[in-house]
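Asks: Okay, handing you the structure first.
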Amino acid sequence: MPAAPNVVTRFPPSPTGFLHIGGARTALFNYLYARHHGGTFLLRIEDTDRERSTQPAIEAIIEGMKWLELNWDNNDKIYLQSEHMPRHAAVANEMLANGHAYKCFCTPQELEEMRNHQKANGLPMRYDGRWRDKDPKDAPAGAPFVVRLKAPLTGETTIKDHVRGIVTVQNSQLDDMVLLRSDGTPTYMLSVVVDDNDMGVNTVIRGDDHFTNTFRQVQILKAMNWNIPEYAHIPLIHGSDGQKMSKRHGALGVDEYRKMGYLPEAIRNYLLRLGWSHGDDEIIPDAKAVEWFNLEHIVSSPAKFDYMKLDSVNAHYMREMDDTKLAQTVAARLSEATGTAPDVAQTAILAKGMAGLKQRAKTLKDLTESAAFYVTPRPLPMNDGAKKILSADAKAMLAALRTLLSDLADFSATSIEASIKDFAGQHGKKLGDYAQPLRAALSGSNVSPPIFEVASILGKPETLGRMDDVLK
Ligand code: GLU
């Protein structure tokens with residue numbers, strides 16, 4: 001594919017809530033497309049709705065983007081739409097001056113009557129253009145007005161969309177939309193177009209829900225003689241049952257995914273596959289994503305959010321992760337959960353334990369829960385399964401095992417296993433007969449990673465100490 005020299009994309013969330021998973025996917029696609037072309041990816045906060053926009057939402061969006069490592073260009077600078085409202089208004093006035101817009105003095109009551117009339121007569125509900133050709137002098141002095149686009153009455157508006165294909169709408173279907181409200185503030189539709197133009201955006205990748213807006217936006221672009229960007233409208237994400245995404249389906253802020261224990265690289269990979277494909281590849285690491293991403297392979301049907309797939313992608317990236325790094329992440333989560341941070345020695349123990357634990361965990365949350373016993377201070381709490389195992393007989397066996405282990409010079413997993421096996425044989429028992437009480441003593445549970453490995457990782461003093469605790 002020939003490299004477009006100056007691809008400029010943008011992600012323009014409205015800060016009325018957190019960065020949700022659908023928004024994150026839109027951001028990712030824009031990010032990847034820009035990176036693929038060596039172009040520019042910009043972040044714009046669409047905060048012109050002063051009532052619904054909040055500072056915490058702006059911060060959550062920025063944090064979410066940073067956590068997902070979707071770094072935007074322009075030296076990290078964020079384009080705040082509200083700062084550019086005077087410019088948006090100036091464009092509306094320019095359109096007034098060059099005849100592409102006009103003042104409409106309709107009162108709310110007149111508009112209401114117009115709508116009622118259209119409703120009663122089964123007509124399409126749209127502004128009837130009554131001020132299009134009127135002289136503003138006909139309006140009462142000082143009467144409030146809005147500025148409307150003087151949209152073409154005939155002909156058609158066509159959009160070439162990389163996902164939807166070529167779609168045409170008759171101009172007669174589109175009414176003269178408001179550009180400036182009566183208080184002089186620009187409408188959302190105007191602001192988007194002016195900002196995209198001023199930021200040099202030439203590729204707009206966004207949710208399908210904005211597709212119908214595009215026709216009106218193109219009319220403004222044409223009126224201003226500005227370049228029309230490339231468009232790709234991506235189908236929305238649905239729940240696994242095909243229904244509209246709700247919280248239950250995973251329509252949550254990205255921070256919730258962090259808390260649930262997903263890695264940012266897993267979320268990126270999963271979101272990429274959710275709506276874009278590269279053959280049958282499921283695991284697409286970042287470098288490949290940048291190399292391969294294109295608009296042609298955006299899937300044109302709605303994607304279904306599937307936690308099981310996300311889990312399996314996450315498990316993959318956890319297994320790939322360096323054990324020391326993974327242990328540090330687990331240590332941080334343990335510290336968040338318990339208020340006590342594992343020290344350097346404990347973090348080293350966790351790192352040794354990762355290989356055995358990460359095979360079975362799906363999320364960092366699972367992994368942290370299953371790793372906690374390595375660093376839980378003695379005496380360990382025993383779960384019901386462990387209590388059940390630790391009968392008087394089991395304790396007697398454990399006491400014998402304690403002597404055996406305390407004399408063992410080589411405390412590697414293989415050596416521990418070999419000596420216990422031997423010992424069990426001598427006493428007419430099986431390895432498992434000893435392994436279970438040992439598991440209970442060392443992990444406080446009836447399930448754990450291979451227990452000889454656990455003993456070896458804990459080391460002799462801690463192993464014997466934990467055994468003593470249950471023998472007391
Ligand atoms: N601010 C809009 C939103 O959050 C996006 C507008 C656009 O992509 O053009 O849905």
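Asks: Name the single residue, out of those in region 47-76 being touching an Asp or Glu at 6+ places or on another chain (Cβ under 8 Å) and within 15 Å of the ligand (Cβ to nearest atom), that is nearest to Leu295 (Cα to Cα).
Replies: Gly64
Asks: Test of understanding: among Val167, Val147, which residue is of a type in the set (Val, Ile, Thr) and within 27 Å of Tyr79 (Cα to Cα)?
Replies: Result: Val147 is the single residue among Val167, Val147 that is of a type in the set (Val, Ile, Thr) and within 27 Å of Tyr79 (Cα to Cα).
Asks: If you don't mind, another one. Checking the conditions here, which among Ile205, Ile284 is aliphatic (A, V, I, L, M), at pLDDT 95 or above and part of a strand (DSSP E or B)?
Replies: Ile205
Asks: So is Thr214 at pLDDT 95 or above, open to solvent by less than 40 Å² (accessible area, probe 1.4 Å), among the hydroxyl-bearing types (Ser, Thr, Tyr) and away from the ligand (no atom under 12 Å from the Cβ) or not?
Replies: Spelling it out, it is not the case that Thr214 is at pLDDT 95 or above, open to solvent by less than 40 Å² (accessible area, probe 1.4 Å), among the hydroxyl-bearing types (Ser, Thr, Tyr) and away from the ligand (no atom under 12 Å from the Cβ).
Asks: Would you confirm whether any residue within region 188-197 is farther than 26 Å from Gly38 by Cβ and touching a Ser or Thr at 6+ places or on another chain (Cβ under 7 Å)?
Replies: yes
Asks: Give me the pairs, please: first residue somewhere in region 403-422 and open to solvent by 80 Å² or more (accessible area, probe 1.4 Å), second residue anywhere and part of a helix (DSSP H, G or I), beta-carbon distance under 8 Å, and either six or more positions apart or on two chains.
Replies: Listed by first residue and then by second, the contacts come to Thr414/Phe452; Lys421/Leu431.
Asks: Right, here's the next one. Residues in region 8-25: is at least one in contact with a helix residue (DSSP H, G or I) (Cβ under 7 Å, 6 or more places away or on another chain), away from the ligand (no atom under 15 Å from the Cβ) and not hydrophobic (A, V, I, L, M, F, W, C)?
Replies: no
Asks: Now for a different question. Just need a number here: residues in region 193-206 that are on the phi < 0 side of the Ramachandran plot and open to solvent by 10 Å² or more (accessible area, probe 1.4 Å).
Replies: Number of matching residues: 7.
Asks: In the list His84, His20, His37, which residue meets the criterion of being more than 26 Å from Arg273 (Cβ to Cβ) and buried (at least 18 other Cβ atoms within 10 Å of the Cβ)?
Replies: His84
Asks: Among (1) assigned to a helix (DSSP H, G or I); (2) surrounded by fewer than 18 Cβ atoms within 10 Å (Cβ to Cβ); (3) in contact with a strand residue (DSSP E or B) (Cβ under 9 Å, 6 or more places away or on another chain); (4) in contact (Cβ under 8 Å) with a residue 40 or more places away in the chain, there is one condition Gln219 misses while meeting the rest; what is its number?
Replies: (2) is the only condition that Gln219 fails.
Asks: So, one more: Examine region 66-76 for a residue that is on the phi > 0 side of the Ramachandran plot and in contact (Cβ under 8 Å) with a residue 60 or more places away in the chain, and state whether such a residue exists.
Replies: Looking through region 66-76, at least one residue is on the phi > 0 side of the Ramachandran plot and in contact (Cβ under 8 Å) with a residue 60 or more places away in the chain.
Asks: Another one. Which residue out of Leu180, Leu149, Leu190 is within 36 Å of the chain's Cα centre (by Cα), more than 16 Å from the ligand (Cβ to nearest atom) and surrounded by 15 or more Cβ atoms within 10 Å (Cβ to Cβ)?
Replies: The conditions single out Leu180.
Asks: Take Ile267 and decide whether it is part of a helix (DSSP H, G or I), open to solvent by less than 60 Å² (accessible area, probe 1.4 Å) and either under 22 Å from Leu236 (Cα atoms) or at pLDDT below 95 (or both).
Replies: Yes: the conditions hold for Ile267.
Asks: Moving to a separate point now. Please specify each residue of region 228-256 satisfying the condition of being open to solvent by 50 Å² or more (accessible area, probe 1.4 Å), in contact with a helix residue (DSSP H, G or I) (Cβ under 9 Å, 6 or more places away or on another chain) and under 19 Å from Asn30 (Cα atoms).
Replies: Answer for region 228-256, where residues must be open to solvent by 50 Å² or more (accessible area, probe 1.4 Å), in contact with a helix residue (DSSP H, G or I) (Cβ under 9 Å, 6 or more places away or on another chain) and under 19 Å from Asn30 (Cα atoms): Ile228, Leu236.
Asks: Output the residues belonging to region 455-468 that are farther than 11 Å from Phe411 by Cα and either open to solvent by less than 10 Å² (accessible area, probe 1.4 Å) or touching a strand residue (DSSP E or B) at 6+ places or on another chain (Cβ under 8 Å) (or both).
Replies: Within region 455-468, Gly465, Arg466, Met467 qualify.
Asks: In addition: Please list, ordered by residue number, the helices (runs of 4 or more DSSP H) wholly in region 310-412 having 3 or more residues that are over 36 Å from the mean Cα position of the chain (by Cα).
Replies: 384-389, 392-406
The values are calculated or read from the model by the stated rules, or taken from the named source; none is laboratory data. Just so we're clear, the structure is a prediction, and the values are computed from it rather than from any experiment. Every residue, glycine as well, gets a Cβ built from its backbone with ideal geometry; the counts of neighbours run over all protein chains shown. Protein only, heavy atoms only, side chains kept; ligands, DNA and RNA dropped before computing areas. Shrake-Rupley method; radii C 1.70, N 1.55, O 1.52, S 1.80 Å.
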